[in-house]
Ligand code: GLV
């Protein structure tokens, strides 16, 4: 069985997978046995593994990919691909690929160490605004000495949008940090210390209803929604208007959720206090985007949570072993887009 890896740094992923699957993996392929591992004989029931970087020509039985070109899937049209393993948590770019086969299970990484990076990022953003670092930066520019009252975590309610593998860990961790946390997701969830709101089914409320609920007194909105047709443009002028004055947006999720023109307008009007943004409608963010020059915005270049190779490779190796054993894999829901 050949595992074909398509990634900018494919060799790194191939090495990590060979290390983990060395009891069954052959090291032949693009590195011609350069690996230091000692491959052992495959068990009689399992096909030997060959783990190779995509050279634009070979066919693979399992495709391990990040944002591959349509040509990769076109080349595999008549080949029996067993699974497509996505090298990230978001499958949006894969589902947008016009040549993605309909009948092959797509698996994504679930957390795989990304939640912990994401949590650092979100905690930084919350501290930045809650402890007035944005105000002190402006005051420093004006040589102004004026301490603000300390706002404690329990006085700073936050909303976490999207309660998947990453969102739910972040929501629970922030609740443990003392923040009143309101989770929002499509379907109902139960999480430790978190008030969970959902959109569909009994008791469902829209995002605008939840974010505009004055009784919650939200100070920050943290977006971890996946990019799907249902989440596109959901953070728009209407929602910004519904939020309490002076709330902030922290977005390490997907840029497609935010109408950037509406965000700029809400910041300029002073409706929103500020934003910490890692993701954008189009990446890299265009040089002429007004967001670059918005004094209340902090921009990072989709760097909040790069996929940690070791944890991700562990998860991929588990899935590859399951495929070798002939287990039926449950992939993502194409209908829901995650
Ligand atoms: C990164 O954006 C990911 O989806 O893992």
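The values are calculated or read from the model by the stated rules, or taken from the named source; none is laboratory data. The shown structure was predicted, so the numbers you read here are calculated from the model rather than taken from an experiment. In this analysis, Cβ positions are derived from the backbone assuming ideal geometry, glycine residues included, and neighbour counts consider all displayed protein chains.
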Next item on the list: Among the residues of region 62-92, write down those that are in contact with a helix residue (DSSP H, G or I) (Cβ under 9 Å, 6 or more places away or on another chain) and away from the ligand (no atom under 16 Å from the Cβ).
Entry: 62, 63, 81, 82, 83
Next item on the list: Output the residue which, of all residues in region 102-118 that are over 21 Å from residue 318 (Cα atoms) and in a loop (DSSP other than H, G, I, E, B), is farthest from the ligand (Cβ to nearest atom).
Entry: 103
Check: For region 212-225, does any single residue satisfy the condition of being outside any strand (DSSP E or B), in contact with a helix residue (DSSP H, G or I) (Cβ under 9 Å, 6 or more places away or on another chain) and under 21 Å from residue 306 (Cα atoms)?
Finding: yes
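Residue-by-condition table, conditions (1) within 15 Å of the chain's Cα centre (by Cα); (2) free of Cβ contacts under 8 Å to residues at least 40 places away in the same chain; (3) closer than 28 Å to residue 302 by Cβ:
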position: 109; (1), (2), (3): yes, no, yes
position: 133; (1), (2), (3): no, yes, yes
position: 138; (1), (2), (3): no, no, yes
position: 146; (1), (2), (3): no, yes, no
position: 161; (1), (2), (3): yes, no, yes
position: 186; (1), (2), (3): no, no, yes
position: 205; (1), (2), (3): no, yes, no
Next item on the list: Sort through 232, 321, 254 and tell me the only one that's under 30 Å from residue 15 (Cα atoms), surrounded by fewer than 19 Cβ atoms within 10 Å (Cβ to Cβ) and modelled with pLDDT of 95 or more.
Entry: 321
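Quick grid of which residues meet (1) within 16 Å of the ligand (Cβ to nearest atom); (2) closer than 19 Å to residue 117 by Cβ; (3) assigned to a helix (DSSP H, G or I):
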{"residue": "256", "(1), (2), (3)": "yes, no, yes"}
{"residue": "264", "(1), (2), (3)": "no, no, yes"}
{"residue": "275", "(1), (2), (3)": "no, no, no"}
{"residue": "280", "(1), (2), (3)": "yes, yes, no"}
{"residue": "285", "(1), (2), (3)": "yes, no, no"}
{"residue": "295", "(1), (2), (3)": "no, no, no"}
{"residue": "304", "(1), (2), (3)": "yes, yes, no"}
{"residue": "307", "(1), (2), (3)": "yes, yes, no"}
{"residue": "320", "(1), (2), (3)": "no, no, yes"}
Note to self: Could you tell me how many of the residues in region 54-96 are in a helix (DSSP H, G or I) and without any contact (Cβ under 8 Å) to a residue 60 or more places away in the chain?
What the structure shows: 7
Checklist line | residue 99 vs. criteria near the ligand (Cβ under 10 Å from one of its atoms) and in a loop (DSSP other than H, G, I, E, B) | finding: no
Check: Being within 22 Å of residue 194 (Cα to Cα), away from the ligand (no atom under 16 Å from the Cβ) and in contact (Cβ under 8 Å) with a residue 24 or more places away in the chain, is that true of even one residue in region 221-228?
Finding: yes
Checklist line | Matching entry among 144, 139, 192 (being assigned by TED's automatic domain parsing to the domain that holds residue 239 and assigned to a helix (DSSP H, G or I)) | finding: 139
